[in-house]
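Presented below is the structure to which this report refers.
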Amino acid sequence: AQSVTQLGSHVSVSEGALVLLRCNYSSSVPPYLFWYVQYPNQGLQLLLKYTSAATLVKGINGFEAEFKKSETSFHLTKPSAHMSDAAEYFCAVTRNNFGNEKLTFGTGTRLTIIP
Amino acid sequence: DTGVSQDPRHKITKRGQNVTFRCDPISEHNRLYWYRQTLGQGPEFLTYFQNEAQLEKSRLLSDRFSAERPKGSFSTLEIQRTEQGDSAMYLCASSFGTELLSNPLHFGNGTRLTVT
């Protein structure tokens, strides 16, 4: 079974500072990995996904994530935080083969931006 | 693309009552998923459909829960004899095709259930 662990349920950064949200995965087969963002009272929105084509993945709103197999990690970063980045972020995993098409989510990290 | 629509947005019910939620996926999407999200947790998979066929159900989905997707269009999730532990946000998502990598999930805004 696949799973993801998000370290830090709450992260606070100053506006303009680096954002780093951590995600480690566990999977017996090559995984597909995703980051989703959830703004208050809204559904989840896809930020980026790991396709195995490139280890550094760029997403929307200036976010990117790097797949590191040796560390079983897929951390999300953004060089300069903006107030509008305040939200909850979820890492998710699914198996990299046909037939098990559901996402398993982490517990989420709430990002607060300090003005 | 009008997005995934869920109704109602909020539902307050008394313990023991039955409730039904509706999800309208994006029109051409053949896959439809239900997730449950409790406070402080990530979404937990409940079940999913491909067209009208229910392909997988989580062990979280007790006998009191039933989901349908007649004609492969909208879906309903019914909870019978609600319990306080059922209080959560129920999320619906849809996708086109059979591979999540190529066809990511699109989520609705959810139905928040409160059981008193």
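Need at least 2 residues that are exposed (fewer than 15 other Cβ atoms within 10 Å of the Cβ) per element, so show me which strands (runs of 3 or more DSSP E) inside region A:42-101 make the cut, counting only ones lying wholly within it.
Details: elements: A:44-50, A:56-58, A:64-68, A:73-78, A:87-95.
Counting at least 2 such residues, we get A:56-58.
Can you tell me which condition residue B:5 does not meet? The list is (1) among the polar types (S, T, N, Q); (2) within 12 Å of chain A (Cβ to nearest Cβ); (3) without any contact (Cβ under 8 Å) to a residue 60 or more places away in the chain; (4) surrounded by fewer than 15 Cβ atoms within 10 Å (Cβ to Cβ), and all the others hold.
Unmet condition: (3).
Select, from B:45, B:49, the only residue that is in a strand (DSSP E or B), among the aromatic types (Phe, Trp, Tyr) and facing chain A (nearest Cβ under 9 Å).
Numbers: B:49 fails: facing chain A (nearest Cβ under 9 Å).
Just one listed residue meets the conditions, B:45.
Considering only residues that are over 13 Å from the mean Cα position of the chain (by Cα), more than 14 Å from chain A (Cβ to nearest Cβ) and hydrophobic (A, V, I, L, M, F, W, C), which ones fall in region B:80-116?
Scanning region B:80-116 gives a single hit, B:115.
Looking at this structure, is residue B:55 over 11 Å from residue B:92 (Cα atoms) and in a strand (DSSP E or B)? Steps first, answer last, please.
Working: over 11 Å from residue B:92 (Cα atoms): yes; in a strand (DSSP E or B): yes.
Answer is yes for this residue.
For region A:48-97, how many residues are under 27 Å from residue B:9 (Cα atoms), at pLDDT 95 or above and among the aliphatic types (A, V, I, L, M)?
3
Check residue B:110 against each of (1) at negative phi; (2) touching a residue at least 40 places away in the same chain (Cβ under 8 Å); (3) crowded, with 16+ Cβ neighbours inside 10 Å and name the one condition it does not meet.
So residue B:110 meets the others, but not (1).
Within region A:93-104, does at least one residue satisfy the condition of being more than 14 Å from chain B (Cβ to nearest Cβ), acidic (Asp, Glu) and at negative phi?
The initial filter retains those residues of region A:93-104 that are more than 14 Å from chain B (Cβ to nearest Cβ), namely none.
The answer is no, given that none of the residues of region A:93-104 is more than 14 Å from chain B (Cβ to nearest Cβ), acidic (Asp, Glu) and at negative phi.
Could you check region B:61-98 and list, in sequence order, the residues that are assigned to a strand (DSSP E or B), within 25 Å of residue A:40 (Cα to Cα) and either without any contact (Cβ under 8 Å) to a residue 24 or more places away in the chain or of a type in the set (Gly, Ala, Ser) (or both)?
B:75, B:88, B:93, B:94, B:95 - these are the residues of region B:61-98 that are assigned to a strand (DSSP E or B), within 25 Å of residue A:40 (Cα to Cα) and either without any contact (Cβ under 8 Å) to a residue 24 or more places away in the chain or of a type in the set (Gly, Ala, Ser) (or both).
So that you can scan it fast, the table gives a plain yes or no per residue for (1) in contact with a Lys or Arg (Cβ under 7 Å, 6 or more places away or on another chain); (2) within 14 Å of chain A (Cβ to nearest Cβ); (3) among the polar types (S, T, N, Q):
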{"position": "B:17", "(1), (2), (3)": "no, no, yes"}
{"position": "B:20", "(1), (2), (3)": "no, no, yes"}
{"position": "B:28", "(1), (2), (3)": "no, no, no"}
{"position": "B:31", "(1), (2), (3)": "no, yes, no"}
{"position": "B:38", "(1), (2), (3)": "no, yes, yes"}
{"position": "B:65", "(1), (2), (3)": "no, no, no"}
{"position": "B:78", "(1), (2), (3)": "no, no, no"}
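Sort through A:36, A:25, A:32 and tell me the only one that's more than 10 Å from chain B (Cβ to nearest Cβ), surrounded by 13 or more Cβ atoms within 10 Å (Cβ to Cβ), aromatic (Phe, Trp, Tyr) and outside any loop (DSSP other than H, G, I, E, B).
Unique residue meeting the criteria: A:25.
Only one of these is farther than 19 Å from residue B:60 by Cβ, in contact (Cβ under 8 Å) with a residue 12 or more places away in the chain, of a type in the set (A, V, I, L, M) and not in a loop (DSSP other than H, G, I, E, B): B:12, B:26. Name it.
Going through B:12, B:26 in turn, the sole match is B:12.
The values are calculated or read from the model by the stated rules, or taken from the named source; none is laboratory data. Nothing here was measured: the structure is a model prediction, and the numbers come from that model. Here Cβ is always computed from backbone atoms with ideal geometry, including for glycine, and neighbour counts include all displayed protein chains.
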